[in-house]
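Okay, structure first, notes after.
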C-alpha cells in the first residue's frame, strides 16, 4: 500500500527504538506484552532473539533494533514485545517485535503522512509506508509485511515448529 492509497484517517501504534519513533498499522497488532523471558534458539541470526510461550503457542521474537542495524535493545521497565501478524505469500505468521517502549495509539490523517524519503538505491526503504508528522516530529510508519523477507518468515516458522 502506498501513501497515495491512504485516503482516510488510520490508527497506528507508535513505539520507540533508540530515539526514533516508529508506527505500525493497528490492524497488524494483536497485543503488547511486558518483556518476558525469551528462550534462545541456536544458530539463528542476531536479530532473532528466540521464542516465547504465548498462551501455549510458540512465538518467535525479533529485536527490532538489531533488525534495523541499531544496537541491541537494553532491557528496561519500558521494554515490551509487540505481537504482530505478518503476511507473506498469502500466509500469516505471528511474531513478537521487541521495542524500547510503546508510546500511544494515534490517528493520522492522510495529509499528515508523506511518502518515504528517496535515499538512493543502496538503502532499502521499501518497508517504510510513509513518514507521519505530528507535533513537529516525524514518525516512521512501517509496512510490517515488508520488514521481514521470505527467508526471515520461513525461519520464524521453522523456529516455531522446532520449539514445539
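Extension gain, residue 57 to residue 138: 0.36 nm times the residue separation minus the Cα-Cα distance gives 25.6 nm.
Between residue 11 and residue 118, take the C-beta separation as r, use R0 = 35 Å, and let me know the FRET efficiency to the nearest 0.05.
0.85
Contact order, relative form, for the chain: 28 percent (alpha carbon pairs under 8 Å, 6 or more residues apart, mean separation divided by residue count). Rounded to the nearest 10 degrees, the inclination of helix 150-163 to the longest alpha-carbon principal axis of the chain is 30 degrees. Between residue 71 and residue 94, the modelled label-to-label distance comes to 3.4 nm, taking each label 7 Å out from Cα in the direction of the beta carbon.
Based on the reciprocal of the average 1/r between different C-alpha atoms, the Kirkwood radius for the chain equals 16.3 Å.
Taken together, the values in this text are just the output of simple stated rules run on the coordinates, not laboratory data. As the structure is a computational prediction, the values presented were derived from the model and not from experiment. Here the Cβ is made from the backbone with ideal geometry for all residues, glycine too, and neighbour counts use every protein chain on show.
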